[in-house]
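*Asks:* The structure's right below; bear with me while I get my questions together.
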Ligand code: AMP
Ligand code: TRP
């Protein structure tokens, strides 16, 4: 039986943090064993908001290295850089031409990001979800593992594929695109900010103390946890809506220590914050240590890393070009070969 195909990506917009790891990449690591997986560093998405060119290229390479340091294995899956395959931009253009503008203006993430940017909003930011649709549709993807926040973008990709391409341009009932499904991450996947348990841990939070990045050194991790917001109660607990910080930090401890929710619930039931925080700091440092060690090895051998990404590009490009040609033909673009 052929395995179901999975596609996902993260933008190289800054250091990956615990939320990216526990909410996204950790699940990819499981999927690569049972599915045919494509993991992409979406650098073309990263230029839709103002960016620094030097940082972009560094972040692109380091994000790929971090994928692997977290356990994404190039022997099991295809890892590549989005801009290395021109079919992504090209399909994006073809989809642009058939997608109604008012579908785009409804996108929540666009509206949120646009507000932050005032007068400086690029056409690319509006187009971001169509590029994402192109990423997904090029690979005949069955499943797209993403966080809750990306659900609307996935729905858009499905609608473009079904209503704007398949139903209009398919010949003899043979669909051009496979219709992908979102795979929303399992429980415990939403990691909250260290300075406010009601906000998501995010790369774009201006406060560095709000997140722990996968490459933070042990002293910095300990310092950030020491400063993390708490409350005045003794004893930690899950699921108390008035204690979002307790829920988040206990959740982090249960995952990072590997002890699980029941065990840490019991262990920390009567515990004060002063005793809990060093435990969480130690568990975090120990969980990140193997990732950091592996990352240093990978980033220390750039030639090898670049080779892996070339192999990924070559493997992915065959699939992408074949889909692109199918769409070109269906739309009536003259064969270029
Ligand atoms: P982003 O950092 O927004 O580019 O997101 C990359 C991936 O990480 C997406 O699949 C997100 O859903 C996931 N992600 C980002 N922040 C968090 C968080 N705080 N908790 C869980 N998952 C997250
Ligand atoms: N928009 C996604 C995010 O912010 C990143 C992304 C781009 C993506 N292309 C994708 C995720 C294709 C899944 C599939 O997280």
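The values are calculated or read from the model by the stated rules, or taken from the named source; none is laboratory data. Fair warning: this is a prediction, and the values are worked out from it, not measured in the lab. Positions of Cβ are backbone-derived with ideal geometry, glycine not excepted, and every protein chain shown enters the neighbour counts.
*Asks:* Can you name the number of the only condition in (1) buried (at least 18 other Cβ atoms within 10 Å of the Cβ); (2) without any contact (Cβ under 8 Å) to a residue 12 or more places away in the chain that residue 11 fails?
*Replies:* (2)
*Asks:* A further question on this structure: Looking only at segment 264-295, count how many residues are surrounded by fewer than 13 Cβ atoms within 10 Å (Cβ to Cβ) and assigned to a helix (DSSP H, G or I). Steps first, answer last, please.
*Replies:* Here is the first cut: in segment 264-295, the ones surrounded by fewer than 13 Cβ atoms within 10 Å (Cβ to Cβ) are 266, 269-270, 274-275, 278, 289-290, 293.
After this cut, where a residue has to be assigned to a helix (DSSP H, G or I) as well, the list is 266, 274-275, 278, 289-290, 293.
Matching residues across segment 264-295 total 7.
*Asks:* Filter segment 176-187 for residues that are more than 9 Å from ligand 1 (Cβ to nearest atom) and assigned to a loop (DSSP other than H, G, I, E, B); which is modelled with the lowest pLDDT?
*Replies:* Filtering segment 176-187 for residues that are more than 9 Å from ligand 1 (Cβ to nearest atom) and assigned to a loop (DSSP other than H, G, I, E, B), the one modelled with the lowest pLDDT comes out as 187.
*Asks:* If you don't mind, another one. Right, residue 203: within 16 Å of ligand 2 (Cβ to nearest atom), touching a residue at least 24 places away in the same chain (Cβ under 8 Å), part of a helix (DSSP H, G or I) and surrounded by fewer than 20 Cβ atoms within 10 Å (Cβ to Cβ) or not? Even if it seems obvious, please write down each step before you answer.
*Replies:* Values: within 16 Å of ligand 2 (Cβ to nearest atom): yes; touching a residue at least 24 places away in the same chain (Cβ under 8 Å): yes; part of a helix (DSSP H, G or I): no; surrounded by fewer than 20 Cβ atoms within 10 Å (Cβ to Cβ): yes.
In short, no.
*Asks:* Please go through segment 210-228 and pick out each residue that is crowded, with 17+ Cβ neighbours inside 10 Å and part of a helix (DSSP H, G or I).
*Replies:* In the first step, residues of segment 210-228 are kept if they are crowded, with 17+ Cβ neighbours inside 10 Å; the result is 210-216, 221-222, 224-225, 228.
Hits for segment 210-228 are 210, 221, 222, 224, 225.
*Asks:* Which condition does residue 32 not pass, out of (1) more than 12 Å from ligand 1 (Cβ to nearest atom); (2) under 30 Å from residue 119 (Cβ atoms); (3) buried (at least 19 other Cβ atoms within 10 Å of the Cβ), if it passes all the others?
*Replies:* (2)
*Asks:* Can you report the number of residues in segment 139-175 which are assigned to a loop (DSSP other than H, G, I, E, B), surrounded by fewer than 20 Cβ atoms within 10 Å (Cβ to Cβ), at negative phi and more than 16 Å from ligand 1 (Cβ to nearest atom)?
*Replies:* Summing the residues that are assigned to a loop (DSSP other than H, G, I, E, B), surrounded by fewer than 20 Cβ atoms within 10 Å (Cβ to Cβ), at negative phi and more than 16 Å from ligand 1 (Cβ to nearest atom) in segment 139-175 gives 3.
*Asks:* Could you check residue 117 against (1) surrounded by fewer than 16 Cβ atoms within 10 Å (Cβ to Cβ); (2) within 19 Å of residue 177 (Cβ to Cβ) and say which number it fails?
*Replies:* Evaluating residue 117 over (1) surrounded by fewer than 16 Cβ atoms within 10 Å (Cβ to Cβ); (2) within 19 Å of residue 177 (Cβ to Cβ) leaves (2) as the failure.
*Asks:* Give 60, 37, 49 a once-over and let me know the one that is outside any helix (DSSP H, G or I), more than 12 Å from the chain's Cα centre (by Cα) and modelled with pLDDT of 95 or more. Give the derivation first.
*Replies:* Values: 60 fails: outside any helix (DSSP H, G or I); 49 fails: modelled with pLDDT of 95 or more.
Testing whether each residue is outside any helix (DSSP H, G or I), more than 12 Å from the chain's Cα centre (by Cα) and modelled with pLDDT of 95 or more leaves just 37.
*Asks:* Need pairs with beta-carbon distance below 7 Å; first residue closer than 27 Å to residue 209 by Cβ and within segment 19-33, second assigned to a helix (DSSP H, G or I) and within 14 Å of ligand 2 (Cβ to nearest atom); sequence gap 6+ or separate chains.
*Replies:* The qualifying pairs are 25/67.
*Asks:* Now for a different question. Residues of segment 45-58 being in contact (Cβ under 8 Å) with a residue 60 or more places away in the chain and either within 20 Å of residue 308 (Cβ to Cβ) or crowded, with 22+ Cβ neighbours inside 10 Å (or both), which ones? It would help to see each step written out before you state the result.
*Replies:* Initial filter on segment 45-58 (in contact (Cβ under 8 Å) with a residue 60 or more places away in the chain): 45, 47-50.
Within segment 45-58, just 45 meets the criteria.
*Asks:* Among the helices (runs of 4 or more DSSP H) lying completely within segment 64-132, list those that include at least 1 residues that are in contact with a strand residue (DSSP E or B) (Cβ under 9 Å, 6 or more places away or on another chain).
*Replies:* Numbers: elements: 87-98, 101-104, 108-117.
Because the criterion is at least 1 residues that are in contact with a strand residue (DSSP E or B) (Cβ under 9 Å, 6 or more places away or on another chain), the helices (runs of 4 or more DSSP H) in segment 64-132 that meet it are 87-98.
*Asks:* Would you point out which residue out of 133, 161, 228 is under 19 Å from the mean Cα position of the chain (by Cα) and in contact (Cβ under 8 Å) with a residue 24 or more places away in the chain? Even if it seems obvious, please write down each step before you answer.
*Replies:* Details: 161 fails: under 19 Å from the mean Cα position of the chain (by Cα); 228 fails: under 19 Å from the mean Cα position of the chain (by Cα).
Only one candidate passes the filter, namely 133.
*Asks:* Let me ask something else. Please determine, by comparing only the residues of segment 70-101 that are farther than 26 Å from residue 177 by Cβ and more than 16 Å from ligand 1 (Cβ to nearest atom), which one is surrounded by the fewest Cβ atoms within 10 Å (Cβ to Cβ).
*Replies:* In this case the residue turns out to be 75.
*Asks:* With the checklist (1) under 28 Å from residue 313 (Cα atoms); (2) under 22 Å from the mean Cα position of the chain (by Cα); (3) at pLDDT 95 or above in hand, flag the one item residue 107 doesn't pass.
*Replies:* Status for residue 107: all satisfied but (1).
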